[in-house]
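Student: Below you will find the structure I want to go over with you.
The values are calculated or read from the model by the stated rules, or taken from the named source; none is laboratory data. Because the structure is a prediction, the values reported are computed rather than measured. Reconstructed Cβ throughout: ideal geometry from the backbone, glycine too, with neighbour counts over all protein chains shown.
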Amino acid sequence: MWTGRRVVLGVSGGIACYKSCTLARRLTEAGAQVDVILTRGAAEFVRPLTFEALTGRPALGSLWEPGGALSHIRLGQQADLVLVAPATAHLIARMAQGLADDLLTTLLLASTAPVLLAPAMNDEMFAHLQTRANLERLRARGVSVVGPDVGALAEGPSERPGRMSEPETILAHAARAVRGRGPFSGRRVVVTAGPTRESIDPVRVVTNRSSGKMGYRVAEAAWERGADVVLVSGPVALPAPVGVRLRRVETTRELEDAVREELPETDVLVMAAAPADFRPSDPSDRKRARVDGALAIPMEPTDDILGATRGLRKQGSITVGFALETGDALAKGRAKLERKDLDLIVVNDALEPGAGFEVDTNRVALLGRDGAARILPLQTKREVAEAILDAVELSLGR
Ligand SMILES: Cc1cc2nc3c(=O)[nH]c(=O)nc-3n(C[C@H](O)[C@H](O)[C@H](O)COP(=O)(O)O)c2cc1C
């Protein structure tokens, strides 16, 4: 998403400046044009040369350098985002007052781009009523803020907020600050992901190979687009995406209960989970002993979640299903779309190389209500997630 975007990275004088180097690097690698502006304090911590080497562009500090203020104010006006990380107590105070006593604060006043601050300071400084009031004032003006987190500070351990958020978290918020004002803004999106697990006995389960990757990427991308996202996840080994509310479930019944609870307030439901279709009908409460010869475990069907919750859908909401098939995927997907009253179905064939469970890529077709099929090339699951949300966005905009 960063390709061709312009980011001004403002760096003020806190010890967390060293993490700004990672931010500059990551944004540049992702394709952004990054212009770094340091306060005088920041230049005491990290030399501008470091940022120049990382971004391939001059890092700026003074309002008074030849060519200075005017061209750099233009940078602020052309930017897609002004990210200030770290934002010191002093910088936050200057912004709240509307001061323009150096290049960064002057640019911040002259820019109409979205602004994201990553405060970083001693925990007492952050708790100070003046700092709180300054941040509130900035928030009221539409400035976004990420963190600070609780954790170790340069001066020692702390159990109160003050530490700058990690670069990964800041980058996710930066993406949302840039992209989050479109049709998904303020919408409630519920995504289900991963497998479910059904007990055979207290130690054994029936499950499937779903890794959850597809649903997690959809949740992440929807949050970046400004949605309020709930991710209902079966047992997977993935970290929670930044910003989303994670509800962990284990069985198909728990998954259905969570969907039931969320559905009345949901604008977009994306059912990327792979719930078990069958469960042992009589799970044992003791571990089953080993037997010689064949073992038969009687199974019963689980509820069809989309069918059972259809009546709870909010009017005008959009429902996206997935069909993972092994052969004849398009025809089976089309039938499922109709049977389950879906707006969109994402169809893939588990037998195709690079598609389906466990891998990081997917090759899918998107089928809409109108019967048209869009066959997408082999892409990363993140790219597939974006394509799915593009298709949903068309309906949301209507
Ligand atoms: C070693 C050292 C570490 C500092 N760390 C922070 C910090 O993490 N957060 C902060 O708000 N101020 C910190 N300060 C104080 C700021 O550098 C000081 O308030 C300065 O005026 C900030 O100016 P600036 O916001 O224009 O960069 C630190 C100062 C020193 C000497």
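Student: Return the residues of segment 135-157 that are in a loop (DSSP other than H, G, I, E, B) and either surrounded by 18 or more Cβ atoms within 10 Å (Cβ to Cβ) or more than 14 Å from the ligand (Cβ to nearest atom) (or both); say none if nothing qualifies.
Tutor: 141, 142, 143, 146, 147, 148, 157
Student: Here is a follow-up. For residue 347, indicate whether it is in the same structural domain as residue 231 (by TED's automatic domain parsing) and in contact (Cβ under 8 Å) with a residue 60 or more places away in the chain.
Tutor: When the stated conditions are applied, residue 347 does not pass them.
Student: Mind listing whichever residues of segment 161-192 are touching a strand residue (DSSP E or B) at 6+ places or on another chain (Cβ under 6 Å) and over 27 Å from residue 391 (Cα atoms)?
Tutor: Passing the criteria: 161, 162, 163, 164, 165, 170.
Student: Hey, among 324, 330, 342, 389, which residue is assigned to a loop (DSSP other than H, G, I, E, B), surrounded by 11 or more Cβ atoms within 10 Å (Cβ to Cβ) and of a type in the set (A, V, I, L, M)?
Tutor: Within the list 324, 330, 342, 389, the selection yields 342.
Student: Identify the single condition in (1) under 30 Å from residue 281 (Cβ atoms); (2) at pLDDT below 95 that residue 182 does not satisfy, given that it satisfies every other one.
Tutor: It fails just one condition, (1).
Student: Please verify whether residue 47 is within 13 Å of the ligand (Cβ to nearest atom), farther than 18 Å from residue 134 by Cβ, of a type outside the set (Val, Ile, Thr) and surrounded by fewer than 18 Cβ atoms within 10 Å (Cβ to Cβ), treating the condition exactly as stated.
Tutor: Here the answer is no, as residue 47 does not meet what is asked.
Student: Sort through 100, 53 and tell me the only one that's in the same structural domain as residue 161 (by TED's automatic domain parsing), in a loop (DSSP other than H, G, I, E, B) and either more than 21 Å from residue 120 (Cβ to Cβ) or among the hydroxyl-bearing types (Ser, Thr, Tyr) (or both).
Tutor: Matching residue, one of 100, 53: 100.
Student: For residues that are surrounded by fewer than 18 Cβ atoms within 10 Å (Cβ to Cβ), assigned to a helix (DSSP H, G or I) and not basic (Lys, Arg), tally how many sit in segment 242-281.
Tutor: 5
Student: In addition: Just to verify a result, which residue in segment 56-65, among those that are of a type outside the set (Lys, Arg) and assigned to a loop (DSSP other than H, G, I, E, B), is nearest to the ligand (Cβ to nearest atom)?
Tutor: Applying the filter and picking the extreme gives 61.
Student: Looking at segment 73-92, which of its residues are of a type outside the set (A, V, I, L, M), within 16 Å of the ligand (Cβ to nearest atom) and in a helix (DSSP H, G or I)?
Tutor: 90
Student: Okay, next question. Kindly list, by first and then second residue, each pair from a residue in segment 134-153 that is of a type in the set (Gly, Ala, Ser) to a residue that is more than 13 Å from the ligand (Cβ to nearest atom) and at pLDDT below 95, limited to pairs with Cβ atoms under 9 Å and residues at least 6 apart or on different chains.
Tutor: As it stands, the answer is 144/180; 151/157; 151/159, since those pairs meet every condition given.
Student: Taking the criterion of being out of contact with any Gly (no Cβ under 6 Å at 6 or more places or on another chain), surrounded by fewer than 17 Cβ atoms within 10 Å (Cβ to Cβ) and modelled with pLDDT of 90 or more, would at least one residue in segment 348-365 satisfy it?
Tutor: no
Student: So how many residues does segment 158-203 have that are more than 16 Å from the ligand (Cβ to nearest atom), over 23 Å from residue 223 (Cβ atoms) and exposed (fewer than 15 other Cβ atoms within 10 Å of the Cβ)?
Tutor: Here the count works out to 3.
Student: Something else now. Can you name the residue in segment 1-44 that is more than 16 Å from the ligand (Cβ to nearest atom) and among the charged types (D, E, K, R) and, of all such residues, is surrounded by the fewest Cβ atoms within 10 Å (Cβ to Cβ)?
Tutor: 29
Student: Can you tell me how many residues in segment 217-240 are under 22 Å from residue 198 (Cβ atoms) and in contact (Cβ under 8 Å) with a residue 60 or more places away in the chain?
Tutor: 0
Student: Just a yes or no: is a residue in segment 284-298 over 30 Å from residue 173 (Cα atoms), of a type outside the set (A, V, I, L, M, F, W, C) and under 32 Å from the mean Cα position of the chain (by Cα)?
Tutor: no
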